[in-house]
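One structure is given below, encoded as structure tokens.
The values are calculated or read from the model by the stated rules, or taken from the named source; none is laboratory data. These numbers come from a predicted model, not from an experiment. When we count neighbours, we look across all protein chains shown, and the Cβ atoms used for this are built from the backbone with ideal geometry, even at glycine. Remember, those area values only see protein heavy atoms, side chains included, never the ligands or the DNA or RNA. Shrake-Rupley method; radii C 1.70, N 1.55, O 1.52, S 1.80 Å.
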Amino acid sequence: MKKALITAALLWPLPLLAQSTTGELRLTVADPAGLGVRATVNLASQGTQYSETFVTNQQGNVDAKRLPYGIYHLQIQAQGFAAVSESVEIRSALPMDRKIQLQLASLSQSVQVTDTNTLMDPYRPGSVNEIGSEQIQNRLTAIPGRSIQDLVNSQPGWLYEGNAVLHPRGSEYQTQFVVNGIPLTDNRSPSFGPEPAEAQNVQSLKIYTAGIPAEYGRKMGGVVEVNTLQNGTPGLHGQFTFFGGSYDTAAASTQDQYTWGKNTIGVSASGSMTSHYLNPVVPENYTNNGTIASFSGSYERDLTEKDRLTFFVIHELDRYQIPNELVQENGAYLPTANNDNGCPPVPPDQEPADCVYIPGGQLQTGDNFETMGSIAYQHIFSPDAMGWLHFMARDNSNDYQSNPASWPLIATQHNYFNDIYFNASVAVHHGRNEWKAGVESDNTFLHENFNYVIPYCANLDDPQCPISLGILNSAAVTFAFNGARSDLEQAAYVQDLIRLGNWTIDAGLRWDHYQLLLNQNAVSPRLAVSRFFPTLNLNIHGAYDRIFQTPSNQNILLSSSPEAEALDTSVPAVQLPVPPSHGNYYELGATQALWNKVRVDANMFRRDVNNYADDNQILSTGISFAISFQKAIIYGAEGNIEIPHWGPFSGFVSYSYIVGNVFYPVTGGLFLGDNTANPTTGHFPDSQDQRQTIRARGRYQIAPRVWLALGCDFNSGLPFEPDLTPEQYATTYGQVVVNHLNFTRDRINPYFTQNATVGADLYKRENRTVQFQADIANVSNTLELIDFGGLFSGNAIGPARQYTFRLVTTF
């Protein structure tokens, strides 16, 4: 819900392999005599928002990889030959071989196929949100480290709760990014780890919140497939990106690739800095600097027409500060434990009775380092069968430091883990069936080292202690924990995509084994069914997902430890091992194309989850701990209206309605002081229970090389759990923040923000372009109070009015 560890920009110059819903088109373009022709090939689909232009080699060959399932419009142009326009349907992970023979221009006319057939996929079994290359290219420039998260957050059902932590349909820490054929199930928000990819290098995103294929497990709130940008044209190609703006933000990145014969080598590097990296806790944006760097390399070779081998390695780092509250930055008098009257704001040399002066000047910092390498091998057994092998290893560490002026805790942390992942899968096409089966193993070796000191307190019986802890164990003034354990997880799955006329069925079964502090197995059936009505251009679909979700590994050993339980022996049940979540997802929805220009999506959903995963934050720090509630019930509705292109206009508007309740008691976490109360019954609103959310953005092509975009966001406000009076909150966060709270409803007040963008193609010739974009975010300079502190939440405030520019050079 709130955090303060940071990220680095991650560039993925490799093709994605073994995803459940991507295919490959191997195209040969020949002249009337059958000889290869150099031609320009455009492949586009409004339904998947995919658009890419390729150039065939001297033999007339081009390989279009990572194509999301759907219907595509294929256009081929070559000098001296008649243009060709056809439709192509991608429905299998197996490569599709297609040869097109051109005719001389004087002897033939092109066959025209309009984009109408690609506006929606009539045979998609469930609801999927897709973001294509044009929307990614023209996106609003994001704060460093969260460009992908901002794109996902624009979709219905997704919500930020601070520091770009994504919450799909109310789920906490259950977002899974699938990059390079490898699922990344740890938190990839700026709060915890590297960004899954930098948006400038991404070709498309496919986003699941229901009807999730059986090959995906463990983190099931939402699955985001990331397709990376890779130009298949031989020779040297690359991209340089520079952007900067408000909050001393500056960034540069490069992605370069050289293809010769059957070989492709790629390198990338990026670096950025800003003084607004995390969401601050007060509008003044104290101590919020961050720097990021990333370096990667890749090599891919087609060993034969049936064998492909890929290597990838990346190293990334980030260093950052944790934003301060008012007292932590400027200092103040705070009441001691036996003072119920508060303290006046007097100079430090006039110390009042029963008050302690906190001098301010806190500086808490963190850093994160990750090194990862992967190997992928693909083999085609026959025209109807292929297989993949993946291996990945990585080391990740994060540190947290506090200076002696920190308040209310002087906390330090050094956590790291080593991760080894393996996956083997096979896909088979047989008649109407697209089968896929596989096994995977993920072994994570966790190490945790955490300690704190509560300053200004000799012991908890000290009447001058300026914090009401209420802890029975006086040893809680100082605390230290050091632990290590292996998280061993295995899975196997089988799934089948079946086409029966206008019916489409996607059925799967998955088995998971989880062994960390608990040893559990689970079998999860998945089913998505759709029916297409051609006369109405309407697809009705429904889905059921049985889910098994492993808890976050963030400080999970400490959260479930006897040492944490000993801090307060009055509530021993709190520190039981944090268990995996089990639940059922249901969805019913429809997709319709209107006037051959507009696509409308609408869904209703419900989620029933036992051992609902969440986390808690310890006493105004950025350190969080895994917890779970007894259960959660979440339901709602979503809608999305999208216009891919209608003359010079394109855009979308999305709406989400969510109601969520979580039920006591709590398991896990690290609770101090009065926060140790743990009711055994009752419920309260889920922290992502924002009833109304609207996102909208429209783009208009003013001239052939100039465009304008306007957008807006409306948020009805998240709930909060007040544990102080408004006056006490004003001392910590300021009156301007308190003015945005409704203490009658225990909710943040609604807020509405706007953004504007102008873009221009400064230079465009063949495959060389220079593009410029300028953005204004939060045009009205609204205080965007995303989240507010309480037992399970920390503060998060969005940026004030922000100006940015971006310059992208492609060759």
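Search segment 478-499 for residues being small (Gly, Ala, Ser) and open to solvent by 50 Å² or more (accessible area, probe 1.4 Å), and hand back the single one that is nearest to the chain's Cα centre (by Cα).
By that ranking, first place goes to Ala484.
Given the conditions (1) in contact with a His (Cβ under 8 Å, 6 or more places away or on another chain); (2) open to solvent by 10 Å² or more (accessible area, probe 1.4 Å); (3) closer than 30 Å to Asp186 by Cα, report the number of the one that Pro323 does not fulfil.
(1)
Could you go through segment 575-585 and let me know if any residue there is more than 27 Å from His513 (Cβ to Cβ) and touching a strand residue (DSSP E or B) at 6+ places or on another chain (Cβ under 6 Å).
Looking through segment 575-585, none of the residues is more than 27 Å from His513 (Cβ to Cβ) and touching a strand residue (DSSP E or B) at 6+ places or on another chain (Cβ under 6 Å).
With a cut-off of at least 3 residues that are among the small types (Gly, Ala, Ser), name the strands (runs of 3 or more DSSP E) lying wholly within segment 731-811.
Result: 751-765.
Open to solvent by 60 Å² or more (accessible area, probe 1.4 Å) and either within 24 Å of the chain's Cα centre (by Cα) or not acidic (Asp, Glu) (or both): is that true of Phe720 in this structure?
no
Collect the residues in segment 528-554 that are hydrophobic (A, V, I, L, M, F, W, C), free of Cβ contacts under 8 Å to residues at least 60 places away in the same chain and in a strand (DSSP E or B), keeping them in residue-number order.
Within segment 528-554, Phe533, Leu538, Ile540 meet the criteria.
Please specify each residue of segment 349-397 satisfying the condition of being farther than 30 Å from Glu300 by Cα, of a type outside the set (A, V, I, L, M) and not in a loop (DSSP other than H, G, I, E, B).
Cys355, Tyr357, Gln364, Thr365, Gly366, Asp367
Could you figure out which of (1) at pLDDT 70 or above; (2) surrounded by fewer than 15 Cβ atoms within 10 Å (Cβ to Cβ); (3) not hydrophobic (A, V, I, L, M, F, W, C) isn't true of Gln112?
(1)
Name the residue, out of Phe445, Phe479, that is hydrophobic (A, V, I, L, M, F, W, C), modelled with pLDDT under 95 and assigned to a strand (DSSP E or B).
None of the others qualify; the one that does is Phe479.
Please enumerate the residues belonging to segment 276-316 that are in a loop (DSSP other than H, G, I, E, B) and open to solvent by less than 20 Å² (accessible area, probe 1.4 Å).
His276, Tyr277, Leu278, Asn279, Pro280, Val282, Asn288
In segment 516-536, what residues are touching a Leu at 6+ places or on another chain (Cβ under 8 Å) and open to solvent by 70 Å² or more (accessible area, probe 1.4 Å)?
Of everything in segment 516-536, just one residue is touching a Leu at 6+ places or on another chain (Cβ under 8 Å) and open to solvent by 70 Å² or more (accessible area, probe 1.4 Å), namely Val523.
List the strands (runs of 3 or more DSSP E) inside segment 612-712, counting only whole elements, that have at least 3 residues being modelled with pLDDT of 90 or more and either farther than 30 Å from Tyr585 by Cα or open to solvent by 20 Å² or more (accessible area, probe 1.4 Å) (or both).
In segment 612-712, the matching strands (runs of 3 or more DSSP E) lie at 624-646, 649-668, 693-703.
Hey, any hits in segment 220-235 for a residue that's open to solvent by 20 Å² or more (accessible area, probe 1.4 Å), more than 27 Å from Gly794 (Cα to Cα) and either hydrophobic (A, V, I, L, M, F, W, C) or under 16 Å from the mean Cα position of the chain (by Cα) (or both)?
Looking for residues that are open to solvent by 20 Å² or more (accessible area, probe 1.4 Å), more than 27 Å from Gly794 (Cα to Cα) and either hydrophobic (A, V, I, L, M, F, W, C) or under 16 Å from the mean Cα position of the chain (by Cα) (or both), one finds at least one in segment 220-235, hence yes.
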